[in-house]
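Structure first, commentary second.
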Amino acid sequence: MLREHTVIHICPMLNPDGVLHGNGRCDALGKDLNRTWDNPDARKQPAIAALKRFLVKLRDDPHHQVDLYIDLHAHSGVMGGFVFANLPSSSRPLCGAVARVPVFFFPRVLAASGRKFGLNAIQFDETTGKAGCSRRALADLLPATHCYTVEVSYHCPLVAGAKGPPFTELSCTCLGESPLGFRSPHACISGRQRELTAHLAPPALLAGW
């Protein structure tokens, strides 16, 4: 149903050179690509620069509305899965149709999937050290878009506050089968927010907002 009302753009990997050398965090030059989004060098970080140009093109296209941007990461230092989100502020207000959708909308849908994402795990991060990450930089570039980072542990889920069984290829696949169907490291959705809200947010899900 989601794909009947939206266009989904997927970038499966932004760091092929680093991954080729066994480094999922930094590129072949040793640069953490997720700290370069505020000002990427087109020669040294061509993938980041190209994706930013593409998102600006979508933003400026009167026939498109980018409603949701998701950056998916594996995390080496935590258990389970959680979401980083941006809180609207007076200096960075949301605009357009997305301003009518609470920032908790996507995390609540994810938590409702029952796949080890809890609302208590959402973090609103505004630390200076993460100013160059995609979620923060794109919030300024795309004021009509909700931007999130979804993190999943390399290791295991949290079960009743303790370590659960180690993640396997199968359990990670199941984790990605959320109601929104995201399975790739980078995804942004453009579509009609009213329809997306109507189809993905039944009254029980929105209760308490």
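Would you confirm whether or not the stretch 103-118 contains a residue that is surrounded by fewer than 16 Cβ atoms within 10 Å (Cβ to Cβ) and modelled with pLDDT of 80 or more? Checked the stretch 103-118: no residue is surrounded by fewer than 16 Cβ atoms within 10 Å (Cβ to Cβ) and modelled with pLDDT of 80 or more.
Can you find a residue that is touching a Ser or Thr at 6+ places or on another chain (Cβ under 9 Å), under 22 Å from V66 (Cα atoms), modelled with pLDDT of 70 or more and of a type in the set (V, I, T) anywhere in the stretch 175-193? Taking every residue of the stretch 175-193 in turn, none turns out to be touching a Ser or Thr at 6+ places or on another chain (Cβ under 9 Å), under 22 Å from V66 (Cα atoms), modelled with pLDDT of 70 or more and of a type in the set (V, I, T). When P143 is tested against (1) at pLDDT 80 or above; (2) touching a Pro at 6+ places or on another chain (Cβ under 9 Å); (3) within 18 Å of S76 (Cβ to Cβ); (4) of a type outside the set (A, V, I, L, M, F, W, C), just one condition goes unmet, and that condition is (3). Going through G18, G80, G24 one at a time, which residue ends up being over 26 Å from L110 (Cα atoms) and of a type outside the set (F, W, Y)? So the residue among G18, G80, G24 that is over 26 Å from L110 (Cα atoms) and of a type outside the set (F, W, Y) is G18. Of these, R25, R35, which one is of a type outside the set (V, I, T) and open to solvent by 90 Å² or more (accessible area, probe 1.4 Å)? The match here is R25. Here the stretch 48-57 is the region considered, the condition is being out of contact with any strand residue (DSSP E or B) (no Cβ under 9 Å at 6 or more places or on another chain) and either open to solvent by 50 Å² or more (accessible area, probe 1.4 Å) or among the hydroxyl-bearing types (S, T, Y) (or both), and the residue that is farthest from R35 (Cα to Cα) is K57.
Considering the stretch 1-22, the residues that are assigned to a loop (DSSP other than H, G, I, E, B) and either under 18 Å from S134 (Cβ atoms) or aliphatic (A, V, I, L, M) (or both) include one that is modelled with the lowest pLDDT, namely M1. Taken as a whole, the stretch 74-88 holds at least one residue that is in contact with an Asp or Glu (Cβ under 8 Å, 6 or more places away or on another chain), among the β-branched types (V, I, T), buried (at least 17 other Cβ atoms within 10 Å of the Cβ) and modelled with pLDDT under 90.
For the stretch 58-72, which positions are surrounded by fewer than 17 Cβ atoms within 10 Å (Cβ to Cβ) and either at pLDDT below 85 or part of a loop (DSSP other than H, G, I, E, B) (or both)? The answer is D61, P62, H63, H64.
Filtering the stretch 151-174 to residues that are in a helix (DSSP H, G or I) and open to solvent by less than 50 Å² (accessible area, probe 1.4 Å) leaves only S171.
The values are calculated or read from the model by the stated rules, or taken from the named source; none is laboratory data. Not measured: the values here are computed from a predicted model. Positions of Cβ are backbone-derived with ideal geometry, glycine not excepted, and every protein chain shown enters the neighbour counts. Surface areas here come from the heavy atoms of the whole protein model, side chains and all, with no ligands, DNA or RNA. Shrake-Rupley method; radii C 1.70, N 1.55, O 1.52, S 1.80 Å.
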